[in-house]
Amino acid sequence: MNASAPSADSLRAALAGLLDGLPPKQAAQAVDRLIANYRGTTPTDTPVLRDRSDVAAYAAYRMPATFEAVRGALDALREAAPDWEPRTHTDVGGGTGAASWAVAEAWEEQPPRTTVLDWAEPALALGRELAAGALDAEWRTARIGGALRLADTDLVTVSYVLKELTEADRAALVTEAARAAQTVVIVEPGTPDGYERIIAARTLLIEAGFTVAAPCPHSGACPIEPGADWCHFSARVSRSSLHRRVKGGSLPYEDEKYSYVAATRFPPTPVAARITRRPQIRKGLVLLELCGPDGLARETVTKRHGSLYKQARDAEWGDSWPPEDED
């Protein structure tokens, strides 16, 4: 049982003994196959996670990174809607529940009641096991696709799922999420094709009457020229010794690149602008790549800007700009 409050640390603690008894070679083979699915672009109509060993490898390989990416998206949503608190949450394609952990942490004072839907029963079983005592959640088997019907809920999360579906099923799923929820958060890999799926979902949400809360500072057309660049962000992920062993890495951390959209049926307060690349710190100045209501722009902040210069040096990729406390 895991009686800790939901957090990155408590999730890592729950994962700590996950691969006990699973031969390292078997875990590595499962990870290799999952990496191919994660990086691939071919949709599938069958669950990616087939059995307990697949699920254990997936949880060690992907849960910490998925948790941090969803947490980044939720942080931006909460910045745009600080007074909104979901009471119910549906995690579509939630698998072992990484997004549900992130949601519970985001509203830790009163976490919403969560329903996790996935078509892989082994994933649901392990997610239920990991979350025992930590999440207020129900785990249900459901085919994730165009035929899925959702109960009305405050929040729907769809993380790293659209890439597994056909284009028609993606559109149907996003449309159904928009029908059922007050707020929808969708996260995909921070790759060009992941960004394209996010833009397509963003368009459907706007057409359904939603307003973009994050990362965009507006609900107009994305100013990025198709094919020239893509909008994505980065989350630092701490690796446990278990995580490093499964992934074959030596560093104590990795950077998870992700794209996302958070949209609401109520009026949010979007940021004035979003930092869309890692700030470039030079001698006496900081270069910021920004997206604002008027499109893409570069801002140079120098020592002459006083306290704003220090804040620019401390700013991170994905942050809002300018700081709210700046006069």
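The values are calculated or read from the model by the stated rules, or taken from the named source; none is laboratory data. Nothing here was measured: the structure is a model prediction, and the numbers come from that model. Every residue, glycine among them, receives a Cβ derived from its backbone with ideal geometry; neighbour counts consider all protein chains shown. In case anyone asks, the SASA skips ligands and DNA or RNA and just uses the protein heavy atoms, side chains included. Shrake-Rupley method; radii C 1.70, N 1.55, O 1.52, S 1.80 Å.
Kindly check whether there is at least one residue in region 14-27 that is basic (Lys, Arg), outside any helix (DSSP H, G or I), modelled with pLDDT under 75 and on the phi < 0 side of the Ramachandran plot. Walk me through it before giving the result.
Narrowing region 14-27 to residues basic (Lys, Arg): 25.
Imposing the further condition that a residue be outside any helix (DSSP H, G or I) reduces the set to none.
For region 14-27, residues basic (Lys, Arg), outside any helix (DSSP H, G or I), modelled with pLDDT under 75 and on the phi < 0 side of the Ramachandran plot: absent.
Check every one of the helices (runs of 4 or more DSSP H) wholly within region 154-267 and list those with 1 or more residues that are within 18 Å of the chain's Cα centre (by Cα), surrounded by 15 or more Cβ atoms within 10 Å (Cβ to Cβ) and basic (Lys, Arg). Explain how you work it out, then say what you get.
Values: elements: 167-180, 192-207, 241-247.
The qualifying helices (runs of 4 or more DSSP H) are 167-180, 192-207.
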Practice item. Considering (1) more than 26 Å from the chain's Cα centre (by Cα); (2) not in a helix (DSSP H, G or I), say which one residue 310 fails and leave the rest. Key: (2)
Study note, to complete from the structure: Going through region 108-128 in order, the residues found to be crowded, with 23+ Cβ neighbours inside 10 Å, small (Gly, Ala, Ser) and in a helix (DSSP H, G or I) are 123, 127
Exercise for review: For region 268-307, name all the residues that are touching a Phe, Trp or Tyr at 6+ places or on another chain (Cβ under 9 Å), outside any strand (DSSP E or B) and of a type in the set (S, T, N, Q).
Suggested key: 276
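Given the structure, is residue 105 modelled with pLDDT of 90 or more, under 17 Å from the mean Cα position of the chain (by Cα) and open to solvent by 30 Å² or more (accessible area, probe 1.4 Å)? Please lay out each step first, then the result.
Details: modelled with pLDDT of 90 or more: yes; under 17 Å from the mean Cα position of the chain (by Cα): yes; open to solvent by 30 Å² or more (accessible area, probe 1.4 Å): yes.
Taking the combined requirement at face value, the residue satisfies it.
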Check your understanding: Is there a residue in region 129-140 that is among the small types (Gly, Ala, Ser), under 22 Å from residue 258 (Cα atoms) and either assigned to a strand (DSSP E or B) or modelled with pLDDT under 95 (or both)?
Key -> no
Exercise for review: Determine which single condition residue 60 fails, assuming it passes every other condition in (1) of a type outside the set (D, E, K, R); (2) open to solvent by 10 Å² or more (accessible area, probe 1.4 Å); (3) at pLDDT below 95.
Suggested key: (2)
